Every structure is written in C-alpha cells, then in structure tokens.
Amino acid sequence: PPFYDPICGIGTRTTVRNELVPNKIWDFTQAQTIGPISATIRSVAVKLNDGSVWLQNPVAPTEEFFKLLDEIGPVKHIVISTYAIEHKAYAADVHKKYPSAKVYVTPKQKTVPLDLPLPLLGIPVDGILDEGE
C-alpha cells in the first residue's frame, strides 16, 4: 500500500496483535512498504490499572487495527515517542478515532519535510514527556 494509506480507517493493511504480557501489554505490527523496501512497524498498547489503554506510536489506522485495539479497552492516552514519520503520519487520524484521548510527545519533536507545529498537523499536544516521566 502507499506510504500514507490507509487514512482514518479507509484502506487495508494487515495488522497483527501479539500479547506480550498477559492481559497487560500488546504490540501491533504492520508491513510498511515504500517501493521495493518493506519493513515492519510496531505500536504498543498497555492496559492501565483503571482499564484504559495507553497507546504508543500508532500504526496505520485501519478498521482491523481499531477493532483489535478496542477489544483491549478504551484508549485514553496516545504517546508519540519517536521522530519516525511512519508513526507521526497516523497520529492525527488515530486521535480522530479517540478524540477524548490525551496526546503526549517527547521533547523537541520535529516534522518533515517542513518542521511544523504538531497541532497544525491535527495532532493536539496535551503534554510533553521528559526524563523521569
């Protein structure tokens, strides 16, 4: 699939969910293909003590991904802890699916090809993570 597809659940891309720690931590993997180059991208979900979900570095927002994620619990936190475009490109669409989720980023986030503020790209920033948080 093209790099930016799917957008907001439209389009397909196989998502595989793996349970890493029983009833607590899962990863979601998808193939990321650009021309002849293919790599696996990964997102991690953690079920918090209150039953809500903390999602780190969202993968492509497919219906399959949302279904697998919703089976874990309500998403209340989205964390973008990478400069990698393959995660940041989907963050706004994942937040549209979970508009009440708080979005946290690591310090000094950049965007490419132009360094634009994340809110301008549809990614609201509720907090900036720092050492020790």
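The values are calculated or read from the model by the stated rules, or taken from the named source; none is laboratory data. Owing to the predicted nature of the structure, the values given are computational and were not obtained by experimental measurement. Positions of Cβ are backbone-derived with ideal geometry, glycine not excepted, and every protein chain shown enters the neighbour counts. Accessible surface is based on the protein model in full, side chains and every heavy atom, while ligands, DNA and RNA are left aside. Shrake-Rupley method; radii C 1.70, N 1.55, O 1.52, S 1.80 Å.
Taking only pairs six or more apart or across chains, which ones have beta-carbon atoms under 6 Å, a first residue in segment 97-108 that is at pLDDT below 95, and a second residue that is of a type in the set (Gly, Ala, Ser) and open to solvent by less than 60 Å² (accessible area, probe 1.4 Å)?
Tyr104/Gly127; Thr106/Ser81
Can you name the residue in segment 9-51 that is buried (at least 16 other Cβ atoms within 10 Å of the Cβ) and assigned to a loop (DSSP other than H, G, I, E, B) and, of all such residues, is modelled with the highest pLDDT?
Among residues in segment 9-51 that are buried (at least 16 other Cβ atoms within 10 Å of the Cβ) and assigned to a loop (DSSP other than H, G, I, E, B), the one modelled with the highest pLDDT is Thr15.
Just the residues that are open to solvent by less than 10 Å² (accessible area, probe 1.4 Å), among the hydrophobic types (A, V, I, L, M, F, W, C) and assigned to a strand (DSSP E or B), please, taken from segment 52-65.
Listed by number, the residues that qualify are Val53, Leu55.
Has segment 66-73 got any residue that is modelled with pLDDT under 90, within 11 Å of the chain's Cα centre (by Cα) and open to solvent by 10 Å² or more (accessible area, probe 1.4 Å)?
no
Return the pairs, sorted by first residue and then second, in which the second residue is buried (at least 20 other Cβ atoms within 10 Å of the Cβ), the first residue lies in segment 53-65 and is among the charged types (D, E, K, R), the beta carbons are less than 7 Å apart, and the residues are 6+ apart or on different chains.
Glu64/Thr15
Residue check, Ala92 against (1) part of a helix (DSSP H, G or I); (2) at pLDDT 75 or above; (3) surrounded by fewer than 18 Cβ atoms within 10 Å (Cβ to Cβ), all met but one. Which one?
It fails just one condition, (3).
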